[in-house]
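As C-alpha cells, the structure follows; a few thoughts come after it.
The values are calculated or read from the model by the stated rules, or taken from the named source; none is laboratory data. What you are looking at is a predicted structure, and each value in this text was computed from that prediction instead of being measured. A quick note on method: Cβ atoms are made from the backbone with ideal geometry, for glycine too, and the neighbour counts reach across all protein chains shown.
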Amino acid sequence: MVGAVLAAIYLVVATFITQDEVRHSGGGWINLRGIGTNIMTAPSQVIVVPILRAFGVPPVNYADLKVWDYGQLVLHVVVSTVIVYFLGAGLQWLFRYAVARS
C-alpha cells in the first residue's frame, strides 16, 4: 500500500515536471531545460541510460523533441515510478518485519 501511494504521488509530480519542461522552450543564453526531468527520473537515468547508449540511442534533445525523445521520457518516468513503488513496498515490509520482531 505504501509503495502504491508513493508511486502514485511520484507519477503525478514527475509527469507534471516533465510535461512542463517539454511545453516551455524559452530561456536566455543559459537554458537548463531538462534538468528537472533528469533529477526526477534519476533512478531511471542511472539504470536505463547506459543500456540505451549501448544500443546507440541518443540522449533526449530538449531543443528539438522527436517521437523517440517523448518515448524515452515516458520510459524514464515509468521505470522511475516502478523503482519508487518497490522502494515504498520494501520500506513497508521492513517496518512490518521490525514491528513483528519486537
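The table that follows gives values for the structure above.
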item	result
Count of segment 71-94 residues which are among the aromatic types (Phe, Trp, Tyr) and free of Cβ contacts under 8 Å to residues at least 40 places away in the same chain	1
Number of positions in segment 1-39 that are within 20 Å of Leu91 (Cα to Cα) and either in a loop (DSSP other than H, G, I, E, B) or in contact with a helix residue (DSSP H, G or I) (Cβ under 8 Å, 6 or more places away or on another chain) (or both)	9
From the options Tyr70, Tyr85, residue that is within 15 Å of the chain's Cα centre (by Cα) and at pLDDT 95 or above	Tyr85
Single match in Val77, Val46, Val60 (criterion: among the hydrophobic types (A, V, I, L, M, F, W, C), surrounded by 11 or more Cβ atoms within 10 Å (Cβ to Cβ) and not in a helix (DSSP H, G or I))	Val60
Members of segment 40-54 that are of a type outside the set (S, T, N, Q) and either under 8 Å from the mean Cα position of the chain (by Cα) or at positive phi (or both)	Met40, Ala42, Pro43
